[in-house]
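Peer 1: Sending over a structure as structure tokens; questions will come in a sec.
The values are calculated or read from the model by the stated rules, or taken from the named source; none is laboratory data. From a predicted model like this one, the values you see are computed outputs, not experimental measurements. With ideal geometry, Cβ positions are generated from the backbone for all residues, glycine too; neighbour counts draw on all protein chains shown. Keep in mind that these areas ignore ligands, DNA and RNA; they rest on the heavy atoms of the full protein, side chains included. Shrake-Rupley method; radii C 1.70, N 1.55, O 1.52, S 1.80 Å.
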Amino acid sequence: MAPRTKSLQYLNDRPELVVECIENYSDNSRCYQRTSYRITSLNSLDNKKIRALREVGVIGYGQSCMIGHKNLDGKIEFHNESVLGQPSGFDTVKCSVVVDGKVVDEPPINQYTGSPLEPIQVPYYVYVVTNTVDSSD
């Protein structure tokens, strides 16, 4: 019988990256279209990374692109690159005991101190990207 592997892991339920279309507005009489996407990530994204998602078509296309960041108050700030690296919120993630790749119902205990391992706060980041096409010019 193979030896069992046991580890303590902080397992976050939040996916690493989620892209959602949150608005798709079109006015054919004006040849105008606006599409907005919400990007939720466990990693901080800068303008370059967000624009790379746009270049490959993950977050649409358009003549212009505005990138916003959701702050801790829930407000979206546009045109302020200094806030892009700040968390939008925090998930409370508890430690789990994992045996042979499966989570078991056992309290996670620090092997050196004998104390239970407390949950940790894991930051997440939310961005809003709005693309527009205005061909009425």
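Peer 1: Sequence gap at least 6, Cα distance under 8 Å: using those rules, report the relative contact order of the chain to the nearest whole percent.
Peer 2: Relative contact order here is 35 percent.
Peer 1: What does the charge count near P107 come to, summing +1 for each Lys or Arg and -1 for each Asp or Glu among other residues with Cβ under 14 Å from its Cβ?
Peer 2: That sum, taken over residues with Cβ under 14 Å, equals -1.
Peer 1: In whole percent, and with a 1.4 Å probe on the protein chains, what portion of the accessible area of the chain is carbon and sulfur?
Peer 2: Carbon and sulfur: 50 percent of the exposed surface of the chain.
Peer 1: If you don't mind, another one. Tell me which residues come under 5 Å, amide H to amide H, from S96 once H is placed; ignore anything under 5 positions away on its chain.
Peer 2: Answer set, sorted by chain and number: Q9, Y10, L11.
Peer 1: Using DSSP to define loop residues, name the trypsin sites (Lys or Arg not before Pro) in segment 1-109 whose beta-carbon has at most 13 other beta-carbon atoms within 10 Å.
Peer 2: Loop-located and lightly packed - R4, R30, K75, K94.
Peer 1: Which value, in Å², gives the accessible area per residue of segment 37-137 when a 1.4 Å probe is used on the protein heavy atoms?
Peer 2: About 60 Å² of surface per residue is accessible.
Peer 1: In a GNM of the chain with a 10 Å cut-off on Cα contacts, which of N47, N24, N110 has the highest mean-square fluctuation?
Peer 2: Largest GNM mean-square fluctuation: N110.
Peer 1: For segment 45-82 and segment 113-137, what is the separation of their Cα centres, given in Å?
Peer 2: 12
Peer 1: Same structure again: Estimate the FRET efficiency between V133 and E20 by the formula 1/(1 + (r/R0)^6), using the beta-carbon distance for r and 22 Å for R0, to the nearest 0.05.
Peer 2: Approximately 0.65, to the nearest 0.05.
Peer 1: For the chain, what does the helix formula give at 222 nm: sum of -39500 (n - 2.57) over DSSP H segments with n ≥ 4, over the residue count, nearest 500 deg cm²/dmol?
Peer 2: The helix-only estimate for the chain comes to -2000 deg cm²/dmol at 222 nm.
Peer 1: Test of the criteria: in segment 18-75, which chymotrypsin sites (Phe, Trp or Tyr not before Pro) are in a DSSP loop and have at most 14 other Cβ atoms within 10 angstrom of their Cβ?
Peer 2: When the chymotrypsin sites (Phe, Trp or Tyr not before Pro) of segment 18-75 are filtered for loop state and at most 14 Cβ neighbours within 10 Å, Y61 remain.
Peer 1: Could I ask something else about it? Residues of segment 115-137 with backbone nitrogen within less than 14 Å of a virtual label 7 Å along the Cα-to-Cβ line of V103, please, listed as ranges.
Peer 2: So the set is 119-120.
Peer 1: With just the Cα atoms of the chain, tell me how far they stretch along each of the three principal axes, in Å, largest first.
Peer 2: 71, 35, 22
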